[in-house]
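Data block below; observations after.
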Ligand code: GDP
């Protein structure tokens, strides 16, 4: 991911860096090129426009243009603004000592069940006592898949039955907690191929019954900007606290990953980097920016 965009941006910045003195016209031309490169990488239009506007404002302003290191300074501004676009400082879900419930939501195929297993491993390795809830009754194989993942990670899995009400699920969770207390519960919820009212209602009801402390949307980086429209709807209905972007190892152009923070207003907590259980990494905006700009 980001390969074409990275090459284009590095090319533009290399040329700027070589200039000892820059004119406003040169900066403006470079900004136009950057904007084009972002749009071609499927970055959201507003995100690309604002990015370039912020860089221009800082780069054309005051001392930069006249200085001997103008090119380098502009490059630094681009770098800093890219980190800002990706979310600034790395953020993680807020976990308390106990009583943590992470609600995983997303469209079918986004990587929700896989990410649920990965998160279980991530937090178990950090010493958490994790319980998984297989509440994806929509895709029959999802519960089997989560049972297998739970066994691989070594955490119990509570399976929701087809006709169980959210209140019954909440009661079964309380019962489980009385017998085998877990400080972190991760819930794999139902997904559909598209946004659908019945699904949203069901998610909202389950959310009310379980009162999760975090609601994470799993977004497939390969699906581009459409993924972010979907995110808005999820946020309206079940109020998201953060995002997990999967398939960052794929050959997507990267625009969705780059735009996600600004379009949704939610932090990206984790990135999925392979199909394996170990393929989940905290999302570090500075490292991602570093990878893009070389
Ligand atoms: P769900 O319907 O949202 O629960 O999706 P799944 O968890 O079943 O994942 C759908 C497909 O995406 C599976 O083949 C996963 O192995 C794959 N997948 C999930 N996350 C990643 C990732 O970060 N990278 C890659 N390469 N594949 C992933």
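Using label points projected 7 Å from each Cα along Cα→Cβ, tell me how many nm separate residue 229 and residue 152, to one decimal.
For residue 229 paired with residue 152, the spin-label model returns 3.3 nm.
Between residue 15 and residue 167, what is 0.36 nm times their sequence separation minus the Cα-Cα distance? Round to one decimal in nm.
Full-extension gain reported as 48.5 nm.
Expected output is a single nm value to one decimal: the length gained when fully extending between residue 287 and residue 126, i.e. 0.36 nm times separation in residues minus the C-alpha distance. What is it?
Result for the pair: 55.7 nm of gain on full extension.
Set the Förster radius R0 to 35 Å, insert the Cβ-Cβ distance between residue 249 and residue 28 as r into 1/(1 + (r/R0)^6), and round the FRET efficiency to 0.05.
0.45
Per 0.36 nm of contour for each residue apart, how much would the distance between residue 208 and residue 181 grow if the chain were fully extended, relative to their Cα-Cα spacing?
Stretched out fully, the residue 208 to residue 181 stretch lengthens by 7.6 nm.
Please report the antiparallel percentage of the DSSP beta bridges confined to the chain, to the nearest 5.
The antiparallel proportion sits near 10 percent.
Express in whole angstrom the spacing between the alpha-carbon centres of the stretch 95-164 and the stretch 249-294.
21
Taking the simple approach of a point 7 Å from Cα along Cα-to-Cβ for both residue 98 and residue 193, what is their distance in nm?
4.5
Kindly identify the stretch 1-65 as rounded, prolate or oblate by the Cα gyration tensor criterion: order the square roots of the eigenvalues as a ≥ b ≥ c, call it rounded if a/c is under 1.5, otherwise compare a/b with b/c, prolate if a/b is larger, else oblate.
Cα axes put the stretch 1-65 in the oblate bin.
Ordered by packing density, taken as the mean number of other Cβ atoms within 10 Å over each peptide's residues, highest first, how do 214-223, 189-198, 76-85, 45-54 rank?
214-223, 76-85, 45-54, 189-198
In Å, what Rg and Dmax follow from the Cα atoms of the chain?
For the chain, the Cα-based Rg and Dmax read 21.7, 71 Å.
How large is the helix-only mean residue ellipticity at 222 nm for the chain, computed as the sum of -39500 (n - 2.57) over DSSP H runs with n ≥ 4, divided by its residue count, in deg cm²/dmol to the nearest 500?
Computed mean residue ellipticity for the chain: -17000 deg cm²/dmol.
Taking 7 Å along the Cα-to-C-beta vector as the label spot, tell me the residue 274-residue 40 distance in nanometres, rounded to one decimal.
Simple spin-label model gives 3.2 nm for this pair.
Taken together, the values in this text are just the output of simple stated rules run on the coordinates, not laboratory data. Worth saying up front: this structure is predicted, and the values here are computed from it rather than measured. No Cβ is skipped: glycine too gets one built from the backbone with ideal geometry, and neighbour counts run over all protein chains shown.
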